[in-house]
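Working notes, structure below.
Derivation of every value follows stated rules applied to the coordinates shown; laboratory data play no part. Everything quoted here is computed from the prediction, not taken from an experiment. Counting neighbours? That spans all protein chains shown, and the Cβs are built from the backbone with ideal geometry, glycine included.
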Amino acid sequence: MSVQTVAQRARTTEREQASTQVMQRRVANGASLVLLIVLAIIWVLPILWSIDTSLKPESETTAIPVSWLASHFTFAAYITTFATTGLFRWYFNSFLTSAIISLVTIVLASMAAFAFSRVPFRGKNILFWIILAGIMVPGQILIVPLYTQMQSFGLVDTYWSIILPQLASPLAVFIFKQYFDGIPYELEEAALMDGASLFRVYWQIWMPLAMPAVAAVGIFAFVLSWNNFLLPFIMISGTNLMTVPVGLSTVQTSFGIRYAQIMATAVLGGVPVLIVFLFFQRQIVQGIAGTGLKG
Amino acid sequence: MSEVSLQAARTQTATTGRLKARRRQTDLVGIGFVLPFLIVYAVFLIWPVILGLRMSFFNWTISGAGASDFLGLTNYQQVFADADFWHALGVTFLFTVISTPLLVIVALALALLVNRAIPAKALFRTVFFAPFVLPVSVVALIWNWLYQPGFGLINGILTGLGLKEVGWLSDANVALMAVIIMTVWWTIGFNFVLFLAGMQQIPVELNESASLDGAGAWARIRHITIPLLSRTTSLIIILQVIASLQVFQQAYLLFNGSDGPNFSTRSAVQYIYETGFTTFRVGLASAMSYILFILILIVSIGQFVLLNRERRNA
């Protein structure tokens, strides 16, 4: 047997191995794709079914056996929903409070994070740890004292009772600090040589550089406060000041068993956040991934 | 003393003086930047924590009556003797023990699948993450409808397959399971995204060279991905347990503000809410909050220590 044939055979087995590996990988990829498609269908089914129900005539929603079809599809449920609930008002309340919370969170947290990242002041480490410890405080257990506090300020049943407790986010400080820590010093030094004040350095140099962090924190804070249920639920009793999640929680009992209408309300309640999500998915995901970085 | 050394000494005191002044200025500037946050943080986070502790020692009611009626530890004694509180704590515990592994393992599995080189990655990521951004009330409305007997979609599919209907909303044995399934659907996106972010930080070369050495997909997952994800996994478990121990709103809303069949879904936080806001005993409710708070702290610190040790040993 010549040397050449041995080498050739070795090469063929290598090639065969490679091709079986490619085959295996293809099969595995195919299998995981099929599995993912099945899971994805299960995941979207509840949303599709709600939309489907909301478009049916009320009398056909409770048909047995269940069917995706109806004699005809109609927007009647949406029209009644807008006419009979305070949905527009709830959108406005949610938008107003979430926008304020989001903006103030950005300013407060980025200023604090700037000092923690860039200014070597005394007591900095202790303060940073005190703020980080806030992440450990479970929000749900604060509802009773927060209510008493707002009562003593005379702010129950006002926007303030929703806004004030959501302004100081330790997590936002953390995300900003992570970001500031990663920006090189040189720029700042150049500006300081020019005699710029630290506040100008913060506002005109760091903040524009930190736009990705600003977006992540801002959008994340917006969605979190838009979706906050418990706080506005205990603070607000008047229909006029309710946010979307609180207002929606009242429709099940007030509509009775009118499922097309209930589902139309659910769809209308979910659409604004889903739109925000589709546009700003990256920022929301970064906001969450920021949580993961602290490990 | 010579002229020169005198001059040197004078410059030195001047410099240290200037240094000190600048130091003080830096301190002031630093505090100035932190102060706005710190004030809001102290008033609306630290103060409620202290106020809650104070309230738990008084016969405090929601109208403010009894705010000076000091009870000592009586509220705590009453809570510990209350069978309903223990039952609610049991519901919370059961929910946590079942939902945490599901929410961690399913999220990891989804992330592993989506992280493979498959088409339409972004679409899958969107699908699994989207429910997380829905308000809890929307989620509860949808699932209350899905779980209906007869004309509900889930029972409709079950009977269509020749299986028996399940009393998701009426059977005390499955009601909590109904809450858990809904919670997995709603919140899995959070853990899923954290896992995906963790996987992105694993160097691609590691997987490539292992693959060249003949390691199959499963071996790579077991020996590369999972060990390198241990930091992320520990964090997810800790965050998940803290979140699960606070379960309340989705269960409360799924059952239209009730306690579920035979109190089977009344969690600790729901019991705190009812004590504070329907029987108006906010002092008693604060004592319950503190017991839960301390429980959550112990569990999370315990987990932190345990998971850290395990990681160091691994």
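If you place +1 on the Cβ of every Lys and Arg and -1 on the Cβ of every Asp and Glu, how big does the dipole about the Cα centre of chain A come out, in debye to the nearest 20? Walk me through the numbers on the way to the answer.
Values: 15 positive and 11 negative charges, 120 e Å.
The calculated dipole for chain A is roughly 580 debye.
Kyte-Doolittle cut-off -1.0, length cut-off 27 Å along the helix's own axis using Cα: show which whole DSSP H helices in chain A pass. Working shown, then result.
Values: long enough: A:3-54 (76 Å, 0.44); A:87-118 (45 Å, 1.31); A:259-293 (43 Å, 1.34).
TM-like helix candidates: A:3-54, A:87-118, A:259-293.
Given a Förster distance of 30 angstrom, what is the FRET efficiency for B:Asp84 paired with B:Asn173, based on the Cβ-Cβ distance and rounded to 0.05?
On the way: r = 19 Å, r/R0 = 0.65.
Given R0 = 30 Å and the Cβ-Cβ separation, E is 0.95.
Taking all pairs of different Cα atoms in chain A, averaging 1/r and flipping that mean, what Kirkwood radius in angstroms comes out?
Its Kirkwood hydrodynamic radius stands at 23.8 Å.
Please report the equivalent ellipsoid semi-axes of the stretch A:82-161, computed as sqrt(5 x eigenvalue) of the Cα gyration tensor, largest first, in whole Å. Let's see the in-between values first.
Details: eigenvalues 223, 67, 25 Å².
The answer is 33, 18, 11 Å, longest axis first.
Taking chain A as a Gaussian network, Cα atoms linked when under 10 Å apart, which of A:Phe75, A:Phe153, A:Phe222 shows the biggest mean-square fluctuation?
In this elastic network of chain A, the residue with the biggest mean-square fluctuation among A:Phe75, A:Phe153, A:Phe222 is A:Phe153.
If only Cα atoms are counted, what is the Rg of chain B, and what is its Dmax, in Å?
According to the Cα coordinates of chain B, Rg and Dmax are 27.7, 108 Å.
So, in nm, how far is label A:Ile135 from label A:Phe92 when the simple model puts each one 7 Å beyond its Cα toward the Cβ?
Each label point is offset 7 Å from its Cα along the Cβ direction, giving 3.9 nm.
With everything on Cα atoms, drop me the angle between helix B:175-200 and the longest principal axis of chain B, reported from 0 to 90° to the nearest 10.
Result, in degrees: 40.
Pairwise over distinct Cα atoms, reciprocal of the mean inverse distance: report the Kirkwood radius of the stretch B:138-221 in Å, one decimal place. If you can, show how the numbers build up before the last one.
On the way: mean 1/r = 0.0617 Å⁻¹.
Its Kirkwood hydrodynamic radius stands at 16.2 Å.
Excluding same-chain residues fewer than 8 positions from B:Lys121, which lysines have a Cα within less than 28 Å of its Cα?
A:Lys294
I need the calculated FRET efficiency for the pair B:Val204 and A:Ser237, taking r as the beta carbon distance and R₀ as 51 Å, to the nearest 0.05. Spell out each step's value before the answer.
Details: r = 55 Å, r/R0 = 1.08.
E between B:Val204 and A:Ser237, to the nearest 0.05, is 0.40.
When a/c is below 1.5 the answer is rounded, else prolate if a/b is larger than b/c, else oblate, so apply that to the stretch B:18-64 with a ≥ b ≥ c taken from the square roots of the Cα gyration tensor eigenvalues.
Note, shape of the stretch B:18-64 comes out prolate.
Neighbour counts of other C-beta atoms within 10 Å: give me B:Ile39, B:Ile202, A:Ile163 arranged from fewest to most. The partial results should precede the final answer.
Values: B:Ile39 12, B:Ile202 15, A:Ile163 19.
Taking fewest neighbouring Cβ atoms as first place, the list is B:Ile39, B:Ile202, A:Ile163.
So, how do all the Cα-to-Cα distances of the protein assembly as shown break down into 10 Å bins, in percent, from 0 on up?
Histogramming the protein assembly as shown at 10 Å steps yields 3, 14, 22, 24, 18, 10, 5, 3, 1, 0, 0 percent.
Sequence-distant or interchain residues sharing an amide H contact under 5 Å with B:Phe58, placed H: which?
Here the answer is B:Leu71, since their amide H atoms fall under 5 Å of that of B:Phe58.
For A:Met211 and A:Ala31, FRET efficiency with R0 = 51 Å and r from the beta-carbon atoms, rounded to 0.05?
After rounding to 0.05, the efficiency reads 0.75.
For peptide A:129-142, how many partner chain Cβ atoms fall within 10 Å of a residue's Cβ, on average? Numbers along the way, then the final one.
Working: counts 0, 4, 5, 0, 2, 4, 2, 6, 7, 12, 3, 16, 18, 8.
That works out to 6 on average.
Kindly provide the Kirkwood hydrodynamic radius of the stretch B:50-166 in Å, to one decimal, from all pairs of distinct alpha carbon atoms. Write down the numbers at each step before the final one.
Details: mean 1/r = 0.0510 Å⁻¹.
Answer for the stretch B:50-166: a Kirkwood hydrodynamic radius of 19.6 Å.
Could you rank the peptides A:46-52, A:245-251 by their average count of other C-beta atoms within 10 Å per residue, with the highest value first? Could the numbers behind the result be given before it?
Numbers: A:46-52: 18.3, A:245-251: 23.9.
Output ranking for A:46-52, A:245-251: A:245-251, A:46-52.
Taking the number of other C-beta atoms within 10 Å as the exposure measure, put B:Ser99, B:Ser230 in order starting with the fewest. All intermediate terms of the calculation are to be shown ahead of the outcome.
Working: B:Ser99 23, B:Ser230 15.
Least crowded to most crowded, the residues run B:Ser230, B:Ser99.
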